[in-house]
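Engineer: Quick one: this structure, given as structure tokens, is what I'll be asking you about.
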Amino acid sequence: MLPFEKTYMQKGNFMKVRAEDMEAKTWFRSDRFFNEGGRWFFSTRENTVEGPFDTHWEAEQELMMYIRDMQAKASFGLAPEIRV
């Protein structure tokens, strides 16, 4: 577990969340990938939409790299920018 993560138990399942996320929040799982006009996108916790990508697989790969980059920033003490 990374320093910016906490683990919560909800309905018998453990879930990792960012440390700054509120504990009293109701968590909903949703698909962060969507297709619009034949192109694929993904949404982030930072309220950004990334894409377009030609395939769902490409969007998944880019999401993994995005998460890796966010974790690397956090390891250097850089908080992600959260857009509202």
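None of the figures in this text is laboratory data; all of them are computed from the coordinates on show. These numbers come from a predicted model, not from an experiment. Ideal geometry is used to build each Cβ from the backbone, glycine not excepted, and the neighbour counts take in all protein chains shown.
Engineer: Where Lys and Arg each count +1 and Asp and Glu each count -1, what net charge lies around Asp54 among other residues with Cβ under 15 Å from its Cβ?
Structural biologist: Around Asp54, the charge tally is -4.
Engineer: Please state the shape class of region 31-77: rounded when a/c is under 1.5, otherwise prolate if a/b exceeds b/c and oblate if not, all from the C-alpha gyration tensor.
Structural biologist: prolate
Engineer: Right, another one. May I ask you to compute the full-extension gain from Leu78 to Glu58, defined as 0.36 nm times their residue separation minus their alpha-carbon distance, rounded to one decimal in nm?
Structural biologist: 4.5 nm
Engineer: I would also like to ask the following. Place +1 on the Cβ of every Lys and Arg and -1 on the Cβ of every Asp and Glu in region 31-77, take the dipole about the Cα centre, and give the residue among Tyr66, Thr44, Phe76 whose Cα lies farthest towards its positive end.
Structural biologist: In region 31-77, that residue is Phe76.
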